[in-house]
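The values are calculated or read from the model by the stated rules, or taken from the named source; none is laboratory data. Predicted model only: the values in this text are computed from it and were never measured. Methodologically, a virtual Cβ is constructed for each residue, glycine included, from the backbone with ideal geometry; neighbour enumeration extends over all protein chains shown.
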Amino acid sequence: MAMPARFLFDTDFSRPAVEEVVPVSEGAPVDVHVRLLANAAEEAYQRGLAEGRAAAEAQAARRVADEAGRLVSAAQSILGALDADRERIERDAATLAFAAARKLAATLVAREPTAEIETLIAECLGPLRQAPHIVIRVDERDVEAIKAEADRIAHERGFMGRLVVLGEPDLARGDCRIEWADGGIVRNMDEVAGEAEAAIERYFAARAADPSHPDRAGAVSDEVVPVAPEENTR
């Protein structure tokens, strides 16, 4: 246990007590406080302005993208309608041209029913001059005319075999069948017209089924490219 300190009677109670002075630090000047507050307020304002501008730009970009999407959809609808109209017009034009050509061919056959047959005979008799015999089948009404012309062509081409011209009730005027020992050739206007019509149908079917067809190259892409909003420099 510690011993208590002794009182030595050396304290002078006649002198006044000296109070201890605690130094007080002086505050910053008022203008410094004002400047600091102004700087803080300016920083907060600029930060809020930047955040608001970023939010406005993002919203503007979304509006531009949405509007671009609507424009693309509208363009696709318009171009789709135009493609359908163009295909209909082209199909109608092809059908009309085909009908006109078929009508013209029928008119020419009616006017000169043996002309194309004679041309075909002339093309065949040259390469077939060594054939032992050739049979030409035509409409019954054209047998005599075809026989006379075929004999003339055979003489010119040097054909020495037997040439027979027969009338067939199932052949239309302008049609014929030329037959030889190991082959033959047929001219049938209805079959030619059917093949031409089928070719037209195949063309339009292939174009409708193939999006990459050259006639469909003007289609609008589904991709929407975002457009950045114009920066406000003020």
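Which pairs have Cβ atoms under 6 Å, sit 6 or more apart or on different chains, and link a residue in the range 111-131 that is closer than 14 Å to Arg177 by Cα to one that is hydrophobic (A, V, I, L, M, F, W, C) and surrounded by fewer than 17 Cβ atoms within 10 Å (Cβ to Cβ)?
What qualifies is Thr114/Ala145.
Please note which strands (runs of 3 or more DSSP E) are completely contained in the range 105-220 and include at least 3 residues that are in contact with a Cys (Cβ under 9 Å, 6 or more places away or on another chain) and at pLDDT 90 or above. Even if it seems obvious, please write down each step before you answer.
On the way: elements: 133-139, 162-168, 176-180, 183-187.
Ranges flagged: 133-139, 183-187.
Does the range 188-199 contain at least one residue that is touching a helix residue (DSSP H, G or I) at 6+ places or on another chain (Cβ under 8 Å), closer than 13 Å to Asp139 by Cβ and touching a residue at least 24 places away in the same chain (Cβ under 8 Å)? Even if it seems obvious, please write down each step before you answer.
The first filter runs over the range 188-199 and keeps only residues touching a helix residue (DSSP H, G or I) at 6+ places or on another chain (Cβ under 8 Å), leaving 189, 193, 196-197.
Then keep just the ones that are closer than 13 Å to Asp139 by Cβ; that gives 189.
Those left that are additionally touching a residue at least 24 places away in the same chain (Cβ under 8 Å): 189.
Checking the range 188-199: at least one residue is touching a helix residue (DSSP H, G or I) at 6+ places or on another chain (Cβ under 8 Å), closer than 13 Å to Asp139 by Cβ and touching a residue at least 24 places away in the same chain (Cβ under 8 Å).
May I ask you to verify whether Arg63 is outside the structural domain of Tyr203 (by TED's automatic domain parsing) and modelled with pLDDT of 80 or more? I'd like the intermediate steps shown before the answer.
On the way: outside the structural domain of Tyr203 (by TED's automatic domain parsing): yes; modelled with pLDDT of 80 or more: yes.
Yes: the conditions hold for Arg63.
For the range 87-125, give me the residue count where each residue is farther than 17 Å from Arg187 by Cβ, of a type in the set (Lys, Arg) and in contact with a helix residue (DSSP H, G or I) (Cβ under 8 Å, 6 or more places away or on another chain).
Adding up the residues that qualify gives 1.
Could you please tell me which pairs satisfy a Cβ distance under 8 Å, a separation of 6+ or placement on different chains, a first residue in the range 148-166 that is in the same structural domain as Ile117 (by TED's automatic domain parsing), and a second residue that is modelled with pLDDT of 95 or more and exposed (fewer than 13 other Cβ atoms within 10 Å of the Cβ)?
none
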